[in-house]
Amino acid sequence: MSCGEPHETDCAEVLDHLYEFLDREMPDSDCTKFEVHFEECSPCLEKYGLEQAVKKLVKRCCGQDDVPADLRSKVMGRIDLIRSGQAVPEHDVSTAGADLPGVAKE
């Protein structure tokens, strides 16, 4: 994933360490590099936004920080279908996953 433009911090590095950034488990200097990268690279910014939304959804619905693999897979699969135009969004991000088994509706 890349916008095709050169960046000081490579897209692969950003994506490989995305959860460390989300969880603030990296030095401030690295966080700053990632923030600059997101300002320059819309594909990485979009991936960051999706991962951040999934993390918030799981925390709200499951009360845990770690995303269960099956839930993450289902949510990301649904997002991919919506993006490709094969499915229509049924819920906003705050209710996404509410129709998945084990996820309570509000």
Calculated from backbone phi, Karplus (6.51, -1.76, 1.60) coupling profile of segment 43-58 in Hz, x at Gly/Pro: x, 6, 4, 5, 4, 4, x, 5, 5, 5, 5, 5, 4, 5, 4, 5
How far is it, in nm, from the label point at ALA69 to the one at SER42 when both lie 7 Å from their Cα along the line to the Cβ? 3.5
The ³J(HN,Hα) series, computed from each phi in segment 71-78 with the Karplus coefficients 6.51, -1.76 and 1.60 at θ = phi - 60°, rounded to the nearest Hz and given as x for glycine or proline, is 5, 4, 4, 5, 5, 5, x, 5
Classify segment 1-73: rounded, prolate or oblate, from the alpha-carbon gyration tensor (a ≥ b ≥ c, eigenvalue square roots; a/c under 1.5 rounded; otherwise prolate if a/b is larger than b/c)? prolate
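Coordinate-derived values only; no laboratory data. Remember, it's a predicted structure, so these values are computed and weren't measured experimentally. Don't worry about glycine lacking a Cβ; one is built from the backbone with ideal geometry, like all the others, and counts go over all protein chains shown.
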